[in-house]
1. Exactly one of these conditions fails for ILE53: (1) touching a Phe, Trp or Tyr at 6+ places or on another chain (Cβ under 6 Å); (2) farther than 26 Å from TYR129 by Cα; (3) open to solvent by less than 10 Å² (accessible area, probe 1.4 Å). Give me its number.
2. Identify all residues within segment 181-216 that are surrounded by fewer than 16 Cβ atoms within 10 Å (Cβ to Cβ) and in contact with a Leu (Cβ under 7 Å, 6 or more places away or on another chain); write none if there are none.
3. Out of the residues in segment 86-143 meeting the condition of being of a type in the set (D, E, K, R), under 18 Å from GLN25 (Cα atoms) and modelled with pLDDT of 75 or more, tell me which one is nearest to the chain's Cα centre (by Cα).
4. Among ALA182, ALA194, which is the only one that is farther than 19 Å from ASP35 by Cβ, outside any strand (DSSP E or B) and of a type in the set (A, V, I, L, M)?
5. From ALA58, ALA85, grab the single residue that is surrounded by 17 or more Cβ atoms within 10 Å (Cβ to Cβ), among the small types (Gly, Ala, Ser) and part of a loop (DSSP other than H, G, I, E, B).
6. Just to be sure I understand the filter: pairs with C-beta atoms under 9 Å, separated by 6 or more residues or on different chains, first member in segment 94-107 and outside any loop (DSSP other than H, G, I, E, B) and acidic (Asp, Glu), second member open to solvent by less than 30 Å² (accessible area, probe 1.4 Å) and modelled with pLDDT of 95 or more. Which pairs pass?
Amino acid sequence: MDNDNLLKTDERIDQLYSQDVQIIQNPHCFAFSLDAVLLADFVRPNKKRQAKIVDLCAGNGAIGLFLHNKLGGHFTEVELQKPIANMAERTIKLNHLEERYDVLNMDIKDVYNKIPKDSADIVLCNPPYFPNNEHSQKNPNRALAIARHEITTNLTMVVEKMSGLLKMNGRGYLVHRPDRLAEILTELTSHRLAPKRIRFIYPKPDREANIVLIEVIKDGGTGGIRIVPPLVVNQSNGEYGAEVQQLLYGDKK
């Protein structure tokens, strides 16, 4: 299909060169950020053809699509907002991956109506980061506000559904904000998700971490958490560091 026929008003096609994936984006509605690339990179490879992968709060499907080579099996992208779910569907067609990906346009609170409990090998989530309260400054664009603030879901709901969907010993992957780490770890452990690997992301060498990546195992043992080496996104001169350059562009010169 002609790419122009896949695009709607204000949409564009961006490419993650390192994974040879094209993503339909709309900055007025939803566009993936570096967080999605970082979470996809953090996921352990799993080439099992029968693997079932669920991406909660999937947006335009970027994280799942970035993993099409790294993971085998079938992906289900769960996204609440219809225009964004539609972008995910068209992005899947753009990359000719219809046989391996489905999109569910639904609230994650109802996800068990479509995906059985205890059925997923891997669950991914890049949820809204910011609490929804009277003091939070929200984007006046509701689509962007929902993506960033806990308006339609929250951390407890995300963790509950991640745990419920995962098989015993299944792996979950979450990207979030370090300032909520104590709350995140409490929620994970109280929902049978044992944190196993944590990586902190720093915007510059002299700055505090602003992103945390967490891998969990359902019903895993409580010991053995690994804090893996950190990643610094930008060098002091503001340019991407070598690792981020590789994640975004691969070997493209």
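1. With (1) touching a Phe, Trp or Tyr at 6+ places or on another chain (Cβ under 6 Å); (2) farther than 26 Å from TYR129 by Cα; (3) open to solvent by less than 10 Å² (accessible area, probe 1.4 Å) applied to ILE53, the lone miss is (2).
2. GLU183
3. Checking each candidate, the answer is GLU89.
4. Matching residue, one of ALA182, ALA194: ALA182.
5. Exactly one residue qualifies, and that residue is ALA58.
6. ASP102/PHE75; ASP102/THR76; ASP102/GLU77; ASP102/ILE92
The values are calculated or read from the model by the stated rules, or taken from the named source; none is laboratory data. All of these numbers come straight from a predicted model, not from anything done at the bench. Neighbour counts are summed over all protein chains in view; Cβ atoms, including those assigned to glycine, are modelled from backbone coordinates with ideal geometry. Accessible surface areas use protein heavy atoms only, side chains included; no ligands, DNA or RNA. Shrake-Rupley method; radii C 1.70, N 1.55, O 1.52, S 1.80 Å.
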